[in-house]
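A short worksheet on the structure shown next.
The values are calculated or read from the model by the stated rules, or taken from the named source; none is laboratory data. All figures in this text were calculated on a predicted structure; none of them were measured in a lab. Cβ sites come from the backbone with ideal geometry, for glycine too, and all protein chains shown count toward neighbours. Heads up: the accessible areas ignore ligands, DNA and RNA and are worked out on the full protein's heavy atoms, side chains in. Shrake-Rupley method; radii C 1.70, N 1.55, O 1.52, S 1.80 Å.
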Amino acid sequence: YPPVAIEIDRGQLTLVRVSPRRRARPVLEAFRIQTTPEHAVGSTIFRPNLGSLDDLTRQAKELFATSGTKPGKVSLILPDNLAKVSIVSLPERPATRKALRELLRFKLRRSVPFRLEDATISSWALPGPGPEFNLLVAVMMRSVVGQYEAASEAAGARPGLIDLCTPSLFNLARPALTKAVA
């Protein structure tokens, strides 16, 4: 994962930078929370409501400068309400990634309020006993994700990971959850 994460949420941008140490646990090097204007509030699954690209670019550059962080590869954390998030249960794990993608598209096609051809789909395996294969699945409009990527790139950042807030927290807690289930 990139050592810098930017969370874009209602009314604020948050930057966190950790040390990229390989063997030791990451150490928090910097963080900064910056409020954003009202137009950034109210994002939905159909539109990000970022305001102007120039405003968000200026705010992101300011966030990098005030935190002492050089723009580069970042993790971009987006609000949960930009995606349709579901738990999908399958009788068993599909043999290939391609088979999984096709099966998810089939299962989700009627539950998403837009065309799946216009969407990006991400899934995370959930730990659990038994032969069932449970997934946390997020579906977002590709055009909405693209606007967040464009705003980040205009500020000099290169999104290496784009995630939602809640799955990011799940990934952070995954080792403890896996231990608890085992």
Criterion first (open to solvent by 60 Å² or more (accessible area, probe 1.4 Å) and outside any helix (DSSP H, G or I)) does P113 satisfy it? yes
Need the failing condition index for A151 against (1) open to solvent by 40 Å² or more (accessible area, probe 1.4 Å); (2) farther than 16 Å from I87 by Cβ; (3) in a helix (DSSP H, G or I), just the number. (1)
Condition first: at negative phi, outside any helix (DSSP H, G or I), surrounded by 13 or more Cβ atoms within 10 Å (Cβ to Cβ) and small (G, A, S). Can you find one or more residues in the range 87-101 that meet it? no
Taking the range 66-80, which residues are β-branched (V, I, T) and in contact (Cβ under 8 Å) with a residue 60 or more places away in the chain? T69, V74, I77
Under the condition of being over 27 Å from N81 (Cα atoms) and among the charged types (D, E, K, R), which residue from the range 1-31 is surrounded by the fewest Cβ atoms within 10 Å (Cβ to Cβ)? R23
With the checklist (1) assigned to a loop (DSSP other than H, G, I, E, B); (2) surrounded by 17 or more Cβ atoms within 10 Å (Cβ to Cβ); (3) modelled with pLDDT under 90 in hand, flag the one item P71 doesn't pass. (3)
